[in-house]
Amino acid sequence: MSDKLLVIGEARDGELRNVTFEAIAGAKKIDSNAEIVGVLCGSHDLNESAQEVIFHGADRVVIVKHDHLETYTSEGYSQAVMAVIDDESPDGIVMGHTAIGKDLTPKLAAKLETGLISDTTDIVNDGDKAVFIRPIYSGKAFEKKVITSGLTFVTIRPNNIPVLDRDDSRSGEVTGKEVDVKDIRTVIKEVIRKASDGVDLSEANVIVAGGRGVKSAEGFKPLYELADVLGGAVGASRGACDAEYCDYSLQIGQTGKVVTPDLYIAVGISGAIQHLAGMSNSKVIVAINKDPEANIFNVADYGIVGDIFEVIPKLTEEFKQV
Ligand code: FAD
């Protein structure tokens, strides 16, 4: 009999996050014959999202709808997902390695006294075993893990496993699961949204990241223009955040976000080890720095030695022509 794998979906502002589809693709890589059961939690109608989950490869979907699930809380979501796990007795549970995935999966794994393979960047097959690849030592090496027994949680790093082609001819059962979500100690008083350029940093295919070399908040404007032309997002080093050139939500690195876009343009960033920990696995890295000895050039595929205030406007103009 094939495995049954649960994939816990994530939505933001009612829109499913791409990492949900990447987690489905990850589950297929674990076992291409497994039954994939999507799990969606929320307080609003999730039927349309459930169809999307099926179109992207799930066989069926379980929806847990409750007022307490409007916004993510550890207590609420763990009760909801635990109830589905009890019902379904899955062989594995897959989720995005996002802020929510990083909070929820260890909590559930600890409760169930079972394993967790976190931050997986790829899954390959070795004979009949799935091998999970994940970065260690701040991305300087990769380790391979296999599951030897029992239910295991797996989180998938966003932007690493390609989603399956959307197939709207697929169909599957969508069921509701009643869960009495209670004893929520966390009270969300207000959700304050940071102004963003619309592209989610952790899921962006192109990132233009600025460092202390950008010199000011004003200096970030040309980076936003370049990111806009490329359909990307703006990120930053901690140096730039500490200097108050931009918000900490943009910070990339060991103590910031870990990103793996197709193209990472590092602008006036020296390449400290803590910054590299968050971006060195990007597919193509372009570094722009006036110091030819800057460490960022050691990880860059393409380097431009020059003044960012001259180079960035020229790049933006060139890309506008394409
Ligand atoms: P700098 O090191 O000052 O580099 C600025 C660069 O800009 C220089 O290379 C300079 O040549 C170049 N430059 C200046 N002017 C121009 C110009 N006009 N044109 C072109 N180039 C120019 N850092 C992170 O980024 N992310 C983290 O998550 C993180 N976590 C940390 C955790 C810990 C525990 C510690 C101790 C540190 C952490 N840091 C982190 C900080 C890290 O060590 C560095 O201090 C920081 O990354 C430096 O930022 P920067 O490269 O922007 O600045």
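Read-outs: derived from the displayed coordinates by stated rules, not from any lab. Remember, predicted model here, so these are calculated numbers, not experimental data. Backbone-built Cβ (ideal geometry, glycine too); neighbour counts: all protein chains shown.
In whole Å, what are the Cα extents of the stretch 1-99 along the three principal axes, biggest one first?
Taking max minus min along each principal axis of the Cα atoms, the stretch 1-99 gives 37, 26, 24 Å.
For the chain, what does the helix formula give at 222 nm: sum of -39500 (n - 2.57) over DSSP H segments with n ≥ 4, over the residue count, nearest 500 deg cm²/dmol?
On the way: 8 runs with 86 residues, N = 322.
Mean residue ellipticity, 222 nm, calculated: -8000 deg cm²/dmol.
Could you work out the relative contact order of the chain, using alpha carbon pairs under 8 angstrom and six or more residues apart, expressed as a whole percent? Please list the in-between numbers first.
Working: 702 pairs, mean separation 47.0, N = 322.
That works out to 15 percent.
Taking H placed 1.01 Å from N in the peptide plane, check which residues at least 5 places from Gly271 or on another chain put their amide H under 5 Å from its amide H.
Close amide H contacts, sequence-distant or interchain: Ile296.
Work out from phi, with θ = phi - 60° and the Karplus expression 6.51 cos²θ - 1.76 cosθ + 1.60, the ³J(HN,Hα) of each residue of the stretch 239-251, listed in order in whole Hz, and give x for Gly and Pro.
Karplus-based 3J(HN,Hα) across the stretch 239-251 equals x, 5, 5, 4, 7, 6, 7, 7, 7, 5, 5, 8, 5 Hz.
Near the amide H of Val179, under 5 Å away, which other amide H atoms are found, from residues 5 or more places off or on another chain, if H is placed in the peptide plane?
Long-range HN contacts for Val179: Lys65.
For the stretch 75-199, just the Cα set please: Rg and Dmax, both in angstrom.
Taking only Cα atoms of the stretch 75-199, I get Rg and Dmax of 17.3, 51 Å.
Quick one: work out the % antiparallel among DSSP beta bridges in the stretch 4-177, nearest 5. Don't jump to the answer; show the numbers that get you there.
Numbers: 13 of 39 bridges.
Antiparallel: roughly 35 percent of the beta bridges in the stretch 4-177.
Per residue of the stretch 110-118, what does 6.51 cos²θ - 1.76 cosθ + 1.60 with θ = phi - 60° give for ³J(HN,Hα)? Whole Hz please, x for Gly and Pro, Karplus curve as stated.
Those phi angles translate into 5, 4, 8, 6, 10, x, 9, 10, 9 Hz.
Can you spot the lysines whose alpha carbon is less than 17 Å from Lys290's alpha carbon? Ignore those fewer than 8 places along the same chain.
Answer for Lys290, where 17 Å is the Cα cut-off: Lys215, Lys314, listed by chain and number.
Over what distance in Å are the Cα centres of the stretch 19-43 and the stretch 212-288 separated?
Each part's Cα centre sits 31 Å from the other's.
Residues with amide H under 5 Å of Phe142's amide H, sequence separation 5 or more or different chain, H placed in the peptide plane at 1.01 Å from N; which?
Ile136
Rounded to two decimals, what ratio of Rg to Rh does the stretch 4-177 give with C-alpha atoms and a Kirkwood Rh? Intermediate values should be presented prior to the final figure.
Working: Rg = 15.0 Å, Rh = 16.0 Å.
Dividing the radius of gyration by the Kirkwood radius yields 0.94.
Among all stretches of the chain without exposed GluC sites (Glu not before Pro) (DSSP loop, at most 11 other Cβ atoms within 10 Å), which one is longest? Walk me through the numbers on the way to the answer.
Values: sites that count: Glu113, Glu173, Glu178, Glu190, Glu244, Glu293.
The answer is 1-112.
Once you charge only the Cβ atoms, +1 for Lys and Arg and -1 for Asp and Glu, what is the size of the charge dipole of the chain about its Cα centre, to the nearest 20 debye? The partial results should precede the final answer.
Values: 33 positive and 50 negative charges, 176 e Å.
The calculation lands at about 840 debye.
Taking 29 Å as the cut-off for C-alpha to C-alpha distance, list the pairs among Lys189/Lys221; Lys145/Lys257; Lys102/Lys177; Lys107/Lys189 that go past it. Provide the component values of the computation, followed by the final result.
Working: Lys189/Lys221 33 Å; Lys145/Lys257 24 Å; Lys102/Lys177 24 Å; Lys107/Lys189 23 Å.
Long pairs (Cα-Cα over 29 Å): Lys189/Lys221.
Using only the Cα atoms of the stretch 206-321, what semi-axes does the equivalent ellipsoid have when each is the square root of 5 times a gyration tensor eigenvalue? Give whole Å, largest first. Can you show the working numbers first?
Values: eigenvalues 65, 48, 40 Å².
Semi-axes (√(5λ), whole Å): 18, 15, 14.
Springs between alpha-carbon atoms under 10 Å, Gaussian network over the chain: tell me which of Thr175, Thr148, Thr71 tops the mean-square fluctuations.
Thr148
What percentages make up the Cα-Cα pair-distance distribution of the chain when the bins are 20 Å wide from 0?
Values per bin, smallest distances first: 31, 53, 16, 0.
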